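Working notes, beginning with the structure itself.
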Amino acid sequence: MCGIVGYVGPQKAEEVLLSGLTRLEYRGYDSAGVAILTPGGLRLIRRVGKIANLVEAVREAGITGNLGIGHTRWATHGLPTEDNAHPHCDCTERIALVHNGIIENHRELREELALRGHRFRSQTDTEVLVHLVEEHYQGDLVEAVRQAVARAVGAYAIAVIHADHPTVLVAARQGSPLVAAVLPQEAFLASDVPALLPYARRFCFLEDGEVAQLRPGELRVWDRQGRPKQPVFREVPWDPLSAEKAGFRHFMEKEIHEQPRAIADTLRSELSTPWEEGLSGLDLSEIEHVYLVACGTSYHAAMVAEYLWEPLLRLPVTAEIASEFRYKTPALGRRTLVVAISQSGETIDTLVAVRQAKESGAQVIGVVNVVGSAIAREAHAVLYTRAGLEIGVAATKTFTAQIAALALLGLWLARARGLLGEAELRAAKEELSRAPRLVEEVLKLEPKIEGWAQKFYTYPNFLYLGRGVLYPLALEGALKLKEISYIHAEGYAAGEMKHGPIALIHEAMPVVVLYSAQELPHKVIANMQEVRARRGILLVLADAQDPEVQELADHLLLLPPSSRMLLPFTFTPALQLFAYHVARLKGTDVDQPRNLAKTVTVE
Ligand code: F6R
C-alpha cells in the first residue's frame, strides 16, 4: 500500500524522505514522489517505477530544503502515471499533500470543487483533499486540514505542507496508519515505523480522527472535535540492522532463516509479560464459540489454530476470512471470543472485523506483530508475536511466530476453561519449546530443497495436498509459490482431490504432498496412489519413513519426526524454501512481488 514520509528539521529533507521511501519499498508501489519547500517555493518531483528513478530525478534537479513530504503510490484510482503520483498540489501550488487510503465520496467532492473553480490535474481520489485544504485555508493550516478531512468519507492518512509555513508539517489519520517521531530539533512522520528506524526509536502512533502538527522538536495532536490531546510515545524494540540483509540474497531468505529466533522469542514472551495479566480483563470461562479472523497467510495461521484448538477446547472454533466475516453478520455476543490475527495489525478487513465484533459485544484478542498498531490498540487484549521487523512482502517468520503464539494461546485457553491440568500444560509447553530446534533441522535440508527447485522451476502449475493440520500448510505452501514466483499453484485438502482437481493430473503436473504419521497417513497414501495412477509427479514431504511412501514418491524429502502440534514447524520452512528458490531461479522480484503490498489498508 502507499507509503508516506514527512520531515521538518535541519537535515536535508530530500535525503530523509528518499531514504524513508526506500525503507517503505516493501509495502509495494508503482510510482513515487516528493514535495520539498525550497527558497524558490514548493518543488514537486514524481516518477513512475522504482524509487531509484525518483532518487536520480531529485539529484538531477538539485533541489534541497528543510521541509518536505514523500510518497510511494500503489494505484487504486487512476493509472500509475506521473500525474497520478503523489504529492498533489492545490491550484495555487503553495500546498502539497500525500495520501494513503481511499476517499469514497471523491466524485461528489470533485464535482463540487470543480464548480467552485478548482482545477484538477489527476484522476486520483486524493486530489480532492488538497483542494479541500485550499478551500478552507485562512492562515491556519491545522484548522484547514481538520475542516477538509471532516468532508471526506473513507480511509486516509495524509501529510500536508504549505509554502507559508516553512517549519510545519500537518498530518491526519482515519483508518490508515501514521507514526510520528520527534527529536529536539526535528520531527518525522511516516506510514510505518521502518521508514524512521535510522532516526528514532520512540514513536507516537496517531489514532483515528486525530490531526497532528509537527514542528522541529514538537508534536501537537487534536481529536476530531479539535480538542488538544496529549501525544503518547511508545518504544519500538526494533534494531535498524534488522532492516539490512545481513549477507542473505533477499530479505525473504533472511527471514526464513530467522524463524528459530522468532519462534523462541514469541514463546518466551509469555514468560516476560505474563498472559494472565494481559488477558485478565476478559471473561473466558463462559465462551461458547471462537472465531479466528484474518487475511492471507495470517488466515492460514488461523486455520492451523482451528485444527489445534477444536479438540483442546471442545468448542466450535471457526477460522474466517476477515473480508467475508464482516459481511456475514454472524451472531456474536459476550460468549463469543474473536481472535484477530495480523502481522501488520493494520489490515483494514481484519481491523473492521475487530470493530464489528466489539460492537456486537464479543471479546476480542489481537495476535499482532507490530507494536502499537491499530488492531493492537483496539482489541480488548493483545498478544504480540515477537518475530521482529518483516520486510519481505511474503510473510514467513511472522507466520510460524503466529502459529507459536496461537498454539500457546490454545493451551492457555484450555487451562483457563479447566480442560487442561497444570502438569499437562507444562508438558505441552515443553513440547512446544522444541519448535525452534525443529525449524533449525529443516533449514539444514536447504541444499536438497534447492535441488528440487532447480528441477521444477520451469513448470507452470503445481498442486499442494495435505490433510488435517497439513491442509492449511498446503494452502500456505501454494500461496508462497504463487505470490513470489507467479507460478499457478493450488492447495487442496487431499481428500477433496477426487472431487475435481484430479482432472488436472497428468505427466507434467507436479503434486506436492504433505505426509505425516500424525495426520491420516493411510488416506494420504491412497491419495498419492491416485496421483501416481494418472502419472502425476509426486514431490513428497514426509516426517516418517514408510516403504509405501518411498516407493510412490518421485522425490522424497524426509523431515524430522514431531507431534501433531509441531507439524507446522517442520513442513512450513521446507515449503517456504522451495517457493523461495523457485522464485530466485526464475529471477522474480522476491522481496517485492508485483501487485502485492505488505500492508493492505484498502478494502
Ligand atoms: C502473504 C501475505 C499476505 C498477508 C495478508 C494479511 O505472504 O503476507 O497474505 O498475510 O495481507 O496481512 P496481515 O497479517 O498484516 O494482516
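The values are calculated or read from the model by the stated rules, or taken from the named source; none is laboratory data. It should be emphasised that the depicted structure is a prediction, and the values quoted were computed from it without experimental measurement. All Cβ positions, even for glycine, are placed from backbone atoms using ideal geometry, and neighbour counts span all protein chains on display.
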Residues of region 506-522 satisfying the condition of being out of contact with any Asp or Glu (no Cβ under 8 Å at 6 or more places or on another chain), surrounded by 13 or more Cβ atoms within 10 Å (Cβ to Cβ) and over 21 Å from PHE578 (Cα atoms): GLU519, LEU520
Residue tally, condition in contact with a strand residue (DSSP E or B) (Cβ under 7 Å, 6 or more places away or on another chain) and either assigned to a loop (DSSP other than H, G, I, E, B) or away from the ligand (no atom under 14 Å from the Cβ) (or both), over region 336-348: 4
Residue that is nearest to the ligand (Cβ to nearest atom) [pool: residues in region 570-603 that are among the hydroxyl-bearing types (Ser, Thr, Tyr) and closer than 24 Å to ILE321 by Cβ]: THR599
Among residues of region 270-308, those that are in contact with a helix residue (DSSP H, G or I) (Cβ under 6 Å, 6 or more places away or on another chain), more than 16 Å from the ligand (Cβ to nearest atom), assigned to a loop (DSSP other than H, G, I, E, B) and at pLDDT 85 or above, counted: 0
Odd one out for ALA542 among (1) of a type in the set (Gly, Ala, Ser); (2) within 16 Å of the ligand (Cβ to nearest atom); (3) in contact with a Leu (Cβ under 7 Å, 6 or more places away or on another chain): (2)
Count - residues of region 115-144 that are assigned to a helix (DSSP H, G or I) and more than 17 Å from ASN105 (Cβ to Cβ): 5
Any hit, region 214-236, residues being part of a strand (DSSP E or B) and modelled with pLDDT under 90: yes
Any chance LYS482 is modelled with pLDDT under 95 and of a type in the set (Lys, Arg): no
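Each row is one residue, and each column tells you yes or no for (1) aromatic (Phe, Trp, Tyr); (2) surrounded by fewer than 16 Cβ atoms within 10 Å (Cβ to Cβ); (3) more than 25 Å from the chain's Cα centre (by Cα).
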position: GLY62; (1), (2), (3): no, yes, yes
position: HIS86; (1), (2), (3): no, no, no
position: ALA96; (1), (2), (3): no, no, yes
position: ILE102; (1), (2), (3): no, no, no
position: ARG110; (1), (2), (3): no, no, yes
position: ARG121; (1), (2), (3): no, yes, yes
position: THR126; (1), (2), (3): no, no, no
position: VAL149; (1), (2), (3): no, no, yes
Search result, residues across region 349-369 that are more than 9 Å from the ligand (Cβ to nearest atom) and among the hydrophobic types (A, V, I, L, M, F, W, C): VAL352, ALA353, VAL354, ALA357, ALA362, VAL364, ILE365, VAL367
Members of region 384-396 found to be outside any loop (DSSP other than H, G, I, E, B) and within 11 Å of the ligand (Cβ to nearest atom), listed by number: none
Yes/no for ILE263 being surrounded by 14 or more Cβ atoms within 10 Å (Cβ to Cβ), β-branched (Val, Ile, Thr), part of a loop (DSSP other than H, G, I, E, B) and at pLDDT 90 or above: no
Tally of residues being out of contact with any strand residue (DSSP E or B) (no Cβ under 8 Å at 6 or more places or on another chain), under 29 Å from GLY468 (Cα atoms) and surrounded by fewer than 20 Cβ atoms within 10 Å (Cβ to Cβ) across region 550-595: 5
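One line per residue, one yes/no per condition, for (1) at pLDDT 95 or above; (2) closer than 20 Å to VAL290 by Cβ; (3) polar (S, T, N, Q):
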site: VAL339; (1), (2), (3): yes, yes, no
site: SER344; (1), (2), (3): no, no, yes
site: LEU351; (1), (2), (3): yes, yes, no
site: VAL382; (1), (2), (3): no, yes, no
site: ARG386; (1), (2), (3): no, no, no
site: GLY392; (1), (2), (3): no, no, no
